[in-house]
């Protein structure tokens, strides 16, 4: 549709109870990471972890069922990438909206009988690799572009994508089978797998990150993929549980275990401040992210002092 919304129609020839239509309307302003924190989709601890992951070019794959919020979460995480990074997005239908100046959005094209050649996600991925991107983001991997994306990640590019799968285990299995055919040896190139789903909480249907697992490598004896569970959602309390006291193995290899803990706490505080101040619009989030990368100490001190004033006003 002209506004960017999507419509799907079926006619009575195939829909025997009558014609049908389905309309998918998009918000003019996409959900940001702060919106998702306030909605309870994830915690500030998880958001801080993901922020550090994308800063360090760790790749993330988001899996879930239809309408589970995969693309919404993908867009929110992508906004945490360094402002100066060159990002190329590849989609069948344009959904992602990023604040980065060096963002190149690419969209596939369906071939026609009139001689218009098809341009597939695989074609666009090959083109993207020639443009020297820092991050390649694929809206959803379904076919041979998955293998090309994993090869790109293996050569040092950051990668973000989604895949339709009910569990992380089924996502890993699907990646290794036709038509994706990603070799098992390349699966550990993904830093973290995220499972997002719809759940009922207090009679409301909500979206939650159900689990986050890191792939730490292949077992040298069995050849099995080694998984490090990092976070789980607890449905009894509608809260998130950190499973590893030492946190991320993937990030520990990159910046050291001591550095992870302190940096997660600093970014948690900034995210909490943004949520309390309702700095949730795309431009607000982009400004804070940019300021933190440019002036981390100054941005942190401002957030801490304003949170302290807010706490004092409540207790007073």
Determine, for 70, 38, the number of other Cβ atoms within 10 Å of each Cβ, and report the residues in order from fewest to most. 38, 70
Taking the chain as a Gaussian network, Cα atoms linked when under 10 Å apart, which of 12, 120, 68 shows the biggest mean-square fluctuation? 12
Using only DSSP helix segments of four residues or longer, with each worth -39500 (n - 2.57), what per-residue ellipticity at 222 nm results for the chain after dividing by its residue count and rounding to 500? -11500 deg cm²/dmol
If you project the alpha carbons of the stretch 21-64 onto the principal axes, what extent comes out on each, in Å, largest first? 42, 23, 19
Put one equal scatterer on each alpha carbon of the stretch 49-135, apply the Debye formula with no solvent term, and list log10 I(q)/I(0) at q = 0.12, 0.20, 0.25 1/Å to two decimals. -0.42, -1.04, -1.37
Expressed as a fraction of 2.2 N^0.38 Å, the rule-of-thumb size for a compact globular protein of N residues, what is the C-alpha radius of gyration of the chain? 1.04
Applying the gyration tensor rule to the Cα atoms of the stretch 67-224 (axes a ≥ b ≥ c; rounded if a/c under 1.5, else prolate if a/b exceeds b/c, else oblate), the class is rounded
In degrees rounded to 10, the 0-90 angle between helix 296-315 Cα long axis and the longest Cα principal axis of the chain is 70 degrees
For the stretch 4-88, take every pair of Cα atoms, bin their distances at 10 Å starting from 0, and report each bin as a whole percent. 14, 37, 26, 13, 9, 1
By how many degrees, between 0 and 90 and to the nearest 10, does the Cα long axis of helix 44-55 differ from the longest principal axis of the chain? 60 degrees
On a full-extension model of 0.36 nm per residue, what is the gain between residue 241 and residue 184, subtracting their alpha-carbon distance, rounded to one decimal in nm? 17.6 nm
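Classify the stretch 93-174 as rounded, prolate or oblate from the Cα gyration tensor: take a ≥ b ≥ c as the square roots of its eigenvalues, call it rounded if a/c is under 1.5, otherwise prolate when a/b beats b/c and oblate if not. Walk me through the numbers before you get to the answer.
Details: a/c = 1.58, a/b = 1.16, b/c = 1.37.
It comes out oblate by the Cα gyration axes.
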Give the angle, between 0 and 90 degrees and rounded to the nearest 10, that separates the Cα long axis of helix 282-294 from the longest principal axis of the Cα atoms of the chain. 60 degrees
Test of understanding: ordering 308, 189 by Cβ neighbours within 10 Å, fewest first, what list do you get? 308, 189
A student asked for the Cα radius of gyration and Dmax of the stretch 1-155 in angstrom ought to give 17.5, 53
Cα→Cβ-extended label distance, 7 Å offset, between residue 261 and residue 131, nm: 4.2 nm
Going by Cα centres, the stretch 260-316 and the stretch 41-67 are how many Å apart? 19 Å
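Among 21, 122, which comes first, second and so on when ranked by fewest other beta-carbon atoms within 10 Å? Please list the in-between numbers first.
On the way: 21 8, 122 17.
Ranked by crowding around the Cβ, least crowded first: 21, 122.
A short reminder: the numbers here are calculations on the coordinates, not readings from a lab. In this text the structure is predicted, and so the values were computed from the model without any measurement. Note that each Cβ is placed from the backbone with ideal geometry, even for glycine, and that neighbours are counted across all protein chains shown.
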